[in-house]
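Inspection log for the structure reproduced underneath, given as structure tokens.
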Protein chains: 4
Amino acid sequence: MAGNSFGTIFKLTTFGESHGEAIGGIVDGCPSGLEIKESFIQSELDKRRPGQSALVSQRKENDKVHFISGIYEGKTTGTPIAFIIYNTNKKSDDYAHLKDIFRPSHADYTYFEKYGICDFRGGGRASARETACRVVGGAIAKLLLRKYKIKIHAYVSCVGNIELLTDYKKLNIENTFKNPVHCPDIKTAAEIEKCIKKIKKQGDTVGGKVSCFITNMPVGLGEPVFDKLHADLGKAMLSINAAKGFEYGSGFSASSMLGSIHNDIFIAEKNKKIRTKTNFSGGIQGGISNGEDIFFNVAFKPVASIMQEQQSVNKKAEIVKFKIKGRHDPCVVPRAVVIVEAMAALVIVDHLLRAQTINL
Amino acid sequence: MAGNSFGTIFKLTTFGESHGEAIGGIVDGCPSGLEIKESFIQSELDKRRPGQSALVSQRKENDKVHFISGIYEGKTTGTPIAFIIYNTNKKSDDYAHLKDIFRPSHADYTYFEKYGICDFRGGGRASARETACRVVGGAIAKLLLRKYKIKIHAYVSCVGNIELLTDYKKLNIENTFKNPVHCPDIKTAAEIEKCIKKIKKQGDTVGGKVSCFITNMPVGLGEPVFDKLHADLGKAMLSINAAKGFEYGSGFSASSMLGSIHNDIFIAEKNKKIRTKTNFSGGIQGGISNGEDIFFNVAFKPVASIMQEQQSVNKKAEIVKFKIKGRHDPCVVPRAVVIVEAMAALVIVDHLLRAQTINL
Amino acid sequence: MAGNSFGTIFKLTTFGESHGEAIGGIVDGCPSGLEIKESFIQSELDKRRPGQSALVSQRKENDKVHFISGIYEGKTTGTPIAFIIYNTNKKSDDYAHLKDIFRPSHADYTYFEKYGICDFRGGGRASARETACRVVGGAIAKLLLRKYKIKIHAYVSCVGNIELLTDYKKLNIENTFKNPVHCPDIKTAAEIEKCIKKIKKQGDTVGGKVSCFITNMPVGLGEPVFDKLHADLGKAMLSINAAKGFEYGSGFSASSMLGSIHNDIFIAEKNKKIRTKTNFSGGIQGGISNGEDIFFNVAFKPVASIMQEQQSVNKKAEIVKFKIKGRHDPCVVPRAVVIVEAMAALVIVDHLLRAQTINL
Amino acid sequence: MAGNSFGTIFKLTTFGESHGEAIGGIVDGCPSGLEIKESFIQSELDKRRPGQSALVSQRKENDKVHFISGIYEGKTTGTPIAFIIYNTNKKSDDYAHLKDIFRPSHADYTYFEKYGICDFRGGGRASARETACRVVGGAIAKLLLRKYKIKIHAYVSCVGNIELLTDYKKLNIENTFKNPVHCPDIKTAAEIEKCIKKIKKQGDTVGGKVSCFITNMPVGLGEPVFDKLHADLGKAMLSINAAKGFEYGSGFSASSMLGSIHNDIFIAEKNKKIRTKTNFSGGIQGGISNGEDIFFNVAFKPVASIMQEQQSVNKKAEIVKFKIKGRHDPCVVPRAVVIVEAMAALVIVDHLLRAQTINL
């Protein structure tokens, strides 16, 4: 039973391989009457597009999204929204010498063992290129969230040993996409840029973290006991290529904290709106949003495609030496920022629609 | 759209509130012919039962599981397996004074806002008591995994500032359930016990971590691109009460690593079986198990029910002072160990069945 | 992948075997705040209970429903509603001689081949006793439909060669449950009663039809292109034991009709409400309710448990002669009436909740 | 919650409107290694294509299927199979005068009320053009069924008052697609052809029936208690445009039969294979296939687009007179034959994969 769909009511199904004709997807369950601003969706795609700067993969893809159905006179009709992004800049030759080799820490081996057949070109279905479709789905979700004034902001908070520890509330978040590493703190951004350049020169790659916060959340999203809001956010983030960890609110640091410190005391605003003084809960209590900001971190491993000679085995289980060609990212996190936002948007919209039930 | 079911082919649906008549569940999709050893299932339940030691909640529940359907002459028949656990030791009076108060960092406020009505007694549906049903479902899953010799071991690896950093392979894992804190390292277990006792005396609570590893994994479990094995494990763990974070393999530490270090080089054993030299991947590549051990960590926050006077607001948004009565855990992680194992078993079994498709 | 759940948002999962300890189910996704009138639910169950009259199975079951969770102070809380009906009047001895025999047109053979194991007592899971759980789920759904003033009425419209052809609008539908055959036309009811008695005396059984109509339908229920409202109604009805066919609106007679006759001309009422002059569409156009009455027929086969000596084969594929003991219905349709209503209610409520999305 | 996906393990999701750029779909869950014979798939599409004969819609569509993903070197890879069929012969002008009119017995009114917006051109999403995507999905399913030697044959068995009552076993089924009305009995085919021509000349339309049988069925497909094999077949058929009824095995005639006649006596063949003497069960007992042929009938209403002046209302609820232009079928059943087969193939493949679980 395959797993290429995400969401329950607002559901994205994606298709396509890195070096096939195209990638694309279907959004089923989008409410009708939503204005689809294609320029916005394209601008979202541009944030993850390869070839943007010297720091990312030099594959030159336009990543132009093309809508096929579900939109009439600029608005959604309630029918499935299909879209397609053609693969225009394939260089499958770069992969010919890898046809029978299982690249370390790639999905070659597991796909081959699972399916008995594998489109090895550019990682096939396992390529992060697939995430472009998530960005499209997420952009539609964001357009819907605008109606609720819910805002999602992600940014690079760590690359290698460089970590941005500033509270997200104190960041000039509009700076994020003004630099190639997508970090809103200009000083840290410069350090990260330097770090990635150095790593790239070494033919190596490096990991990092993306942080995300969601503001203006309504109370009540999240479905006990298994589809808790943070559980679905966690799954969404962990489903992104190269993700290794997820934490929300106090996260892993909660393990060393005391309850007397960690408890978020409730207070009442003048208008009787109930808030919490602190927000170790990360905006979610009992799996349900409490109206405070949601925030979380996602850890990413270093890209497996290093530009150094490596040892591995081939399909005959023989030891081989090889070197990866092609156009790869020395660090995945700058391009992951908009993917994190997109997956968050898909989760929030889906739970928004799931919560549209009637309380009698 | 509610979320009280977990899994796709092997599916657990749970029901019940902490102070209702009973809790229970249905496992649908369990293969027929599986011998149900009730004594094993009961022994699993006993590992999370309250009242086991001075370190955990003193609620005296037998937690006796009672099977109603789906089993005939000791074996599963392929029909739904329903089970029930009666709530025999309720003390709803302990909650009467809390009826209108939103306890800090509990689910009272969010449930009330979401549903407009709330069974406040003992946390109702949001109580961790619900996880007993997961242990039953997980125990059935473990019986099925035995047929595949897949083993799942979890243990407490951190409480407060005490952390067990030993590689899981060097632990005497059979020690885990021989001490009340469920830590396999005897020295660390003693420290943790001392720590929890101290915290309890202060009327406070403390967070911690549970680590888990899975051995003898087959290659090929996990479904790209959204239902990656680690994404489903992550969701499973994050759905457990009080969980704040999940990481697998190199986890958050991957963010500061280089690709040249992090890549797991493939090697071939004499029998041509392909293995990896290192295992930063945590047994999962491209979302699919590669046959190496799976391992991951789950972070838990300190229990919200501290034994100190606290401030909060009531349903009228008035500020109130109150003190929690009742029987609560100063630290949740010892009892979470078997729950982590249960949720892992549910995920692995479900993916095992999902992978039973035909490769032509 | 098993199939013991029905519905997507309002979801019923059932469990239990005919001669096990109990049958029951879980309703997940019922909105909170719904008043649960247990007396109403019990009265629904009483309509399908065996032992009501000389015409139906003499198994004396109280069929007393017992709610375990999801209800607090008489109202639903939005959490799973679990219920149980104990099997109090089992006579498993009646089945001992059938242990190894595949009864003709029963599910013994297919269950045994599918699962390799079978609780043969009373048909096990394949027994129509399971439908009592559908009646409970359907009764909860009916309570919710009352809020929308949607009404569902089913009745026996055919037994053997006796057919009630009167338009449903001309029936005194409140007569349905005033006679043992659950036919609203008193004259036809008497004929049917006579017919069933005769058949019973012969040790034989007979088939029939149940008709159903739904009034006060809102426009807009049904989800193209696969989950059309009538497609889900059809599946619901066909999932009832012994069902052989389903037709709605003009049904099978449409196959010989002309478009110029069959088209339902739209008209406008004074309040600009749009209606249709005729209703061959059966209240559904393009899979979506159009506000007119929905009506449909369900065909049922004669009960397989005849009271005559029969020939069959046993598990060793040897030819055997045998005679069924036990307490069986000579005609299933009178007891099927409330089951048809229940399944219709489940479908309508589920689609009502599915339609609660936002049109921007 | 929309409904544009069909199936659980082998899942087809379709998209597209009649007069949009294209229609298409994604098959997720197809096993890897299946050889995709595009010529076969195209030949299936050709069976439902408009413009084939004088009897069907004169819209000249190539209906050329184009695969985008999931196939590598002619074989499926286990990843999503996306396909697209361009709409090359749109004549949206034919619909301009209908923009504000609700055509009788079409989906215009219900779509408009449900979604508040409607792509009125050619019926938009509600057009039977969407079923071309089902034929593609079904053709892939048929390729998989070939591995199991399972065969599905549908044919026109009734148009208007002309009915083919011959037992399906006595038909030369290979004749079906040799005549424009897709009826395997040459004499009946001629009568039907004459009938449709006459109806067409009158500017009218007529209903009909499609019958279908499935041979070489394995025992064990179908999932109690809700996803019975015939319940899923019924839903599949009823989801086809214009379908009004479904019956399997003895069908509606069962309602007048006696159990002593209707029961299918088991017999054993020499090789101990268990069979039934008769097959009123239609190859399904207790919702599970018993190895005998499955057979069923589907009733279709007359096409709503008649070539006569009609009365209706517009969006302002004003009465209007209008005449449909465009290219329409006087009778839908000849083109429905391959759609019925496709939907049956989707159901059987899905249940085949659902049954791939392990019996211990």
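At-a-glance table
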quantity: Spherically averaged projected area in nm², based on the convex hull that wraps the Cα atoms of the stretch C:81-195; calculated: 10.9
quantity: D:Thr278 paired with D:Lys201, simple spin-label distance in nm, labels 7 Å along Cα-to-beta-carbon; calculated: 4.4
quantity: Value at 222 nm in deg cm²/dmol, rounded to 500, when DSSP H runs of n ≥ 4 in the protein assembly as shown each add -39,500 (n - 2.57); calculated: -7500 deg cm²/dmol
quantity: 10 Å Cβ neighbours from other chains, averaged over peptide A:201-207; calculated: 5
quantity: Cα-Cα pairs of the protein assembly as shown separated by more than 68 Å (percent); calculated: 6
quantity: Relative contact order (percent, whole number), chain C, Cα cutoff 8 Å, 6+ residue spacing; calculated: 22
quantity: Dipole of the stretch D:5-354, positive direction: furthest Cα of D:Leu45, D:Ala268, D:Ala254, with charges on the beta-carbon; calculated: D:Leu45
quantity: Amide H within-cut-off set for A:Asp204, under 5 Å, with H built and near neighbours excluded; calculated: A:Met307
quantity: Lys/Arg +1, Asp/Glu -1 at C-beta; the stretch D:152-239 dipole; positive extreme among D:Val225, D:Thr205, D:His182; calculated: D:Thr205
quantity: The protein assembly as shown - percent of accessible surface contributed by carbon and sulfur, probe 1.4 Å; calculated: 50
quantity: Exposed-site-free run, longest, chain A (rule: GluC sites (Glu not before Pro); DSSP loop; at most 14 other C-beta within 10 Å); calculated: A:74-268
quantity: Dipole in debye (nearest 20) - chain B, about Cα centre, beta carbon charges: Lys, Arg +1; Asp, Glu -1; calculated: 620
quantity: Shielded by partner chains, the stretch B:216-235 residues - at least 40 Å² of accessible area, 1.4 Å probe, vs chain alone; calculated: B:Val219, B:Glu223, B:Pro224, B:Val225, B:Phe226, B:Lys228, B:Ala231, B:Lys235
quantity: Over the stretch A:1-151: Kirkwood hydrodynamic radius from C-alpha pairwise inverse distances, Å; calculated: 16.6
quantity: Over 20 Å [Cα-Cα, the stretch B:298-360], rounded percent; calculated: 58
quantity: Inter-site label distance for B:Ile173 and A:Lys270 at 7 Å from Cα along Cβ, in nm; calculated: 6.0
quantity: Residue pairs, from the table A:Lys149/B:Lys301; A:Lys75/A:Lys277; B:Lys169/B:Lys235; A:Lys147/B:Lys235; A:Lys114/C:Lys235, whose Cα atoms sit over 32 Å apart; calculated: A:Lys75/A:Lys277; A:Lys114/C:Lys235
quantity: C:Ile186-C:Ile261 FRET efficiency (beta carbon distance; Förster radius 25 Å; 0.05 resolution); calculated: 0.15
quantity: Check: the protein assembly as shown dipole with +1 on Lys, Arg Cβ and -1 on Asp, Glu Cβ, in debye; calculated: 0
quantity: Neighbour-limited loop hits for trypsin sites (Lys or Arg not before Pro), the stretch B:211-309 (at most 12 other Cβ within 10 Å; DSSP other than H, G, I, E, B); calculated: B:Lys270, B:Lys272, B:Lys273, B:Lys277
quantity: Derived scalar couplings ³J(HN,Hα) [the stretch D:141-148; Karplus, 6.51 cos²θ - 1.76 cosθ + 1.60; whole Hz; x for Gly, Pro]; calculated: 4, 4, 4, 6, 5, 4, 4, 9
quantity: ³J(HN,Hα), Karplus 6.51/-1.76/1.60, whole Hz, each residue of the stretch D:232-238, x for Gly, Pro; calculated: 6, 4, x, 4, 4, 5, 5
quantity: Solvent-accessible area per residue for the protein assembly as shown (1.4 angstrom probe, square angstrom); calculated: 32
quantity: Binned Cα-Cα distances of chain A, short to long, each 20 Å bin given as a whole percent; calculated: 28, 57, 14, 0
quantity: Approximate shape of the stretch B:161-240 as ellipsoid semi-axes (Cα gyration tensor, √5λ), whole Å, largest first; calculated: 31, 18, 9
quantity: Buried area at the A-B interface (accessible, heavy atoms, 1.4 Å probe, summed, Å²); calculated: 8400
quantity: Karplus 3J(HN,Hα) series, Hz, for the stretch A:209-215 with 6.51 cos²θ - 1.76 cosθ + 1.60 (x for Gly, Pro); calculated: 10, 10, 9, 8, 9, 10, 10
quantity: Amide H within-cut-off set for B:Thr278, under 5 Å, with H built and near neighbours excluded; calculated: B:Ile265
quantity: 5 angstrom amide H check on D:Cys158, placed H, neighbours 5+ away; calculated: D:Leu164, D:Lys209
quantity: Zone of D:His66's modelled label, taken as backbone nitrogen in the stretch D:16-47 under 16 Å from a point 7 Å along Cα→Cβ; calculated: D:16-17, D:20-26, D:42
quantity: Residues in the stretch B:283-327 that, when all protein chains are in place, have 50 Å² or more less accessible area than the chain alone would give (probe 1.4 Å); calculated: B:Gln285, B:Ile288, B:Pro302, B:Gln311, B:Val313, B:Ala317
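The values are calculated or read from the model by the stated rules, or taken from the named source; none is laboratory data. This structure is a prediction, so every number in the text was calculated from the model and none was measured. Quick reminder, even Gly has a Cβ in these numbers, built from the backbone with ideal geometry, and neighbours come from all protein chains shown. When the accessible area is computed, the model is the full protein with side chains, heavy atoms only, and any ligands, DNA or RNA have been set aside. Shrake-Rupley method; radii C 1.70, N 1.55, O 1.52, S 1.80 Å.
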